[in-house]
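The values are calculated or read from the model by the stated rules, or taken from the named source; none is laboratory data. As the structure is a computational prediction, the values presented were derived from the model and not from experiment. Using ideal geometry, Cβ is built from the backbone for each residue, glycine included, and neighbour counts are taken over all protein chains shown. With ligands, DNA and RNA removed, areas are computed over all heavy atoms of the protein, side chains included. Shrake-Rupley method; radii C 1.70, N 1.55, O 1.52, S 1.80 Å.
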Amino acid sequence: MAAGRVRFYLDTEEFNFYVDVAPDTASRWVAHTLTHLALLGYEPIPLDECEAELLDDGWVRRYLVPIEPVEDADIAPEIIVPEIVAPRVGA
């Protein structure tokens, strides 16, 4: 059984940033991903400004915003689409 998956998408050209979380993903993997995204310069939009979105495949999407303006960032990659897969855990 997998502990879950988290994927994120960062497209500075289209100003489209979000993180998707698979069903039953352990919260520590979400926290790890959000910490990594903060180091890259992104944070989730507060839920009172933009609610989480339930996707057709059961994943949950949260939109992100740059911590500082993209044009002011030292390194602003055009598109990043990684996926973090938690290690399998015993049943």
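Here are the numbers for this structure:
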read-out	value
The lone exception for Leu39 - which of (1) under 13 Å from Ile67 (Cβ atoms); (2) open to solvent by 70 Å² or more (accessible area, probe 1.4 Å); (3) touching a residue at least 40 places away in the same chain (Cβ under 8 Å); (4) not charged (D, E, K, R) it fails	(3)
Residues of region 15-36 classified as open to solvent by less than 60 Å² (accessible area, probe 1.4 Å) and part of a loop (DSSP other than H, G, I, E, B), total	3
Residue match in region 4-14 (condition: without any contact (Cβ under 8 Å) to a residue 60 or more places away in the chain and part of a loop (DSSP other than H, G, I, E, B))	yes
